[in-house]
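Contents: one structure, followed by commentary.
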Amino acid sequence: MDLFEDGPGNTPEFSVSELSGAVKRAIEGEFGHVRVRGEVGRVSRPRSGHIYLDLKDDRSVISGVVWKGVSARLEHPPEEGMEVIATGRLTTFPGQSKYQIVIEDIRPAGVGALMATLEKRKALLAAEGLFDEQRKRPLPYLPEVIGVVTSPSGAVIRDILHRLRDRFARKVLIWPVAVQGKGCAPEVVRAIEGFNRLQPGGAIPRPDLLIVARGGGSVEDLWGFNEEAVARAAAASAIPLISAVGHETDTTLIDFVSDRRAPTPTAAAEIAVPVRRELLTWADESGARMTRALLQRIETRAQRLRDLSRAMPRADTLLDGARQRLDLLSDRLPTALSRGTEKRRVQLSDRAGTLRPSLLARLVAHGRERLGRRTDRLSIRPIARDIDRAHDRLGGLNARLQATGARGLADPRNRLTTLARLLETLSYKGTLARGYAVVRSGEGHILTGKAEAEAASGLEIEFADGRFALGGSTSRPKRKTKPPEQGSLF
């Protein structure tokens with residue numbers, strides 16, 4: 001007998017599938033329903049909609065899978081680094097010879113895990129610059145349309161509408177959403193993006209301001225507003241957005257990316273619009289100040305014009321000096337000409353005796369030429385030009401004075417014309433011209449009813465072209481009464 005020949009023995013033989021199935025049944029039978037606490041490691045979300053992840057602690061790792069139908073119902077989807085409690089059943093995956101947990105429910109392991117996740121998201125968004133004050137837009141001073149993203153059945157929307165009505169009534173568009181639970185985050189994202197997709201001037205008006213509002217609650221209740229998708233939608237909104245989630249002490253992720261945070265929904269309405277009464281008071285005060293400033297400026301200019309007009313000389317006195325100088329020069333001119341001619345004639349006679357006739361003739365011609373030039377210099381033409389210029393200046397001043405007076409009378413004339421037209425419009429004479437009449441009693445009192453007319457001693461009717469008097473009540477004919485008929489004796 002060969003010592004190395006293998007015998008059949010008593011150990012049963014299994015195929016790989018049989019052995020894998022036996023292991024699977026043993027594990028599923030022993031761990032049919034378990035709860036596991038651990039930290040989420042690698043997370044994979046393929047296009048099929050399933051979620052594959054790892055649960056780990058400091059020594060071991062368990063693979064997990066969340067099927068598509070379960071993942072759609074999760075209130076807090078798992079994220080890497082989150083400490084969670086997973087509930088499900090343990091099974092094996094024969095294709096890869098490993099065991100895994102099929103998760104039916106997964107949630108954070110207490111508030112501490114949620115806050116750790118929140119801090120991680122805050123750090124990520126802050127690193128991207130979504131919290132920077134430079135990117136936040138100013139709110140419109142008085143928006144025409146306000147879009148509100150909130151629950152339509154809660155007290156929040158009633159508080160917002162009541163506060164807006166008290167301060168300054170505006171048009172409000174409400175986009176109803178769930179404010180907690182698994183549908184909160186996607187509905188809020190759709191609402192913000194939907195308002196931004198509205199076109200200006202369309203059938204539905206595009207809001208000038210958005211308010212995302214919710215009342216107070218626990219961290220779990222407000223968690224929908226801590227989702228990264230909600231924060232990114234608020235940051236990407238082209239319409240300025242006010243976050244009013246929770247009470248004053250509550251803080252959510254949307255508060256950091258919004259353009260303005262309100263401590264309460266009511267405070268958001270106060271931030272959105274000013275007080276109408278205060279705005280009207282400010283407008284009245286500004287109008288009064290502007291009117292006073294204009295009147296004061298007009299009065300100052302008028303006083304300055306009056307002062308300048310008093311300082312200006314009268315038009316007839318502007319030519320007095322020029323006339324007097326002209327008269328003086330006109331009187332002196334003939335005497336000066338005669339005297340100069342005589343003086344030069346004497347000088348010429350004295351020198352003529354010592355000069356030859358030819359030289360004398362040249363000197364006489366030269367003297368006549370000089371005399372002619374000096375005579376031209378003594379012409380009155382420059383004086384006439386001065387007088388003409390003075391006349392032109394006087395005419396310009398007179399025209400300016402008349403234009404100033406006409407402008408000063410234009411406004412009172414226009415106001416008087418307007419008041420006359422208003423008086424004509426409000427007068428009852430115009431009503432009479434359209435076919436109406438005024439009825440007065442004999443004493444001159446206006447009668448407005450039939451009973452007063454019957455009780456009056458006399459009537460006077462006024463038409464557009466005059467008055468017509470009637471007699472008293474005794475002069476009106478009495479109504480004829482029909483005699484009773486005699487019955488038949490038969």
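The values are calculated or read from the model by the stated rules, or taken from the named source; none is laboratory data. Keep in mind the model is a prediction, meaning the values are calculated, not measured. Backbone-built Cβ (ideal geometry, glycine too); neighbour counts: all protein chains shown.
Brief remarks on what is shown
- Applying the set (1) surrounded by fewer than 10 Cβ atoms within 10 Å (Cβ to Cβ); (2) of a type in the set (D, E, K, R); (3) outside any loop (DSSP other than H, G, I, E, B) to E443 leaves exactly one unmet item: (3).
- For segment 116-171, a residue qualifies if it is modelled with pLDDT of 85 or more and of a type in the set (D, E), and the qualifying residues are E128, D132, E133, E144, D159, D166.
- Where R59 falls short, out of the listed (1) part of a loop (DSSP other than H, G, I, E, B); (2) touching a residue at least 24 places away in the same chain (Cβ under 8 Å); (3) not small (G, A, S): (2)
- Restricting segment 127-157 to residues that are without any contact (Cβ under 8 Å) to a residue 40 or more places away in the chain and closer than 25 Å to E220 by Cβ, the residue that is surrounded by the most Cβ atoms within 10 Å (Cβ to Cβ): P152
- Count - residues of segment 256-277 that are crowded, with 23+ Cβ neighbours inside 10 Å and more than 22 Å from the chain's Cα centre (by Cα): 2
- When L55 is tested against (1) surrounded by fewer than 17 Cβ atoms within 10 Å (Cβ to Cβ); (2) modelled with pLDDT of 80 or more; (3) in contact with a strand residue (DSSP E or B) (Cβ under 8 Å, 6 or more places away or on another chain), exactly one condition is not met: (1).
- Taking (1) within 24 Å of D132 (Cβ to Cβ); (2) outside any loop (DSSP other than H, G, I, E, B) in turn, A191 satisfies each apart from (1).
- Per-region count, segment 195-223, residues surrounded by 14 or more Cβ atoms within 10 Å (Cβ to Cβ) and part of a helix (DSSP H, G or I): 3
- Scanning segment 104-116 turns up at least one residue that is among the acidic types (D, E), touching a strand residue (DSSP E or B) at 6+ places or on another chain (Cβ under 6 Å), surrounded by fewer than 17 Cβ atoms within 10 Å (Cβ to Cβ) and free of Cβ contacts under 8 Å to residues at least 60 places away in the same chain.
- A count restricted to segment 201-238 and to residues that are of a type in the set (S, T, N, Q) and touching a residue at least 12 places away in the same chain (Cβ under 8 Å) stands at 2.
- R163 vs. criteria surrounded by 17 or more Cβ atoms within 10 Å (Cβ to Cβ), charged (D, E, K, R) and touching an Asp or Glu at 6+ places or on another chain (Cβ under 7 Å): yes
- For L371, the test of being touching a Gly at 6+ places or on another chain (Cβ under 9 Å), among the aliphatic types (A, V, I, L, M) and either more than 30 Å from A169 (Cα to Cα) or in contact (Cβ under 8 Å) with a residue 60 or more places away in the chain (or both) is passed.
- Looking only at segment 76-95, and only at residues there that are in contact with an Asp or Glu (Cβ under 8 Å, 6 or more places away or on another chain) and part of a loop (DSSP other than H, G, I, E, B), the one that is farthest from G41 (Cα to Cα): M82
- V70 meets the stated requirement of being modelled with pLDDT of 80 or more, outside any strand (DSSP E or B) and not assigned by TED's automatic domain parsing to the domain that holds V219.
- Any hit, segment 233-242, residues being within 21 Å of the chain's Cα centre (by Cα), among the polar types (S, T, N, Q) and closer than 23 Å to G154 by Cβ: yes
- Filtering segment 40-52 for residues that are in contact (Cβ under 8 Å) with a residue 40 or more places away in the chain, on the phi > 0 side of the Ramachandran plot and not in a strand (DSSP E or B) leaves an empty set.
- Matching residues in segment 236-263 - criterion: being under 22 Å from E144 (Cα atoms) and in a helix (DSSP H, G or I): A236
- Meets criteria (modelled with pLDDT of 80 or more, of a type in the set (F, W, Y) and in contact with a Ser or Thr (Cβ under 8 Å, 6 or more places away or on another chain)) for Y99: yes
- Residues in segment 264-298 that are β-branched (V, I, T), under 30 Å from A126 (Cβ atoms) and part of a helix (DSSP H, G or I): T266, I271.
- Filter result for V102 (assigned by TED's automatic domain parsing to the domain that holds Q199 and in a strand (DSSP E or B)): no
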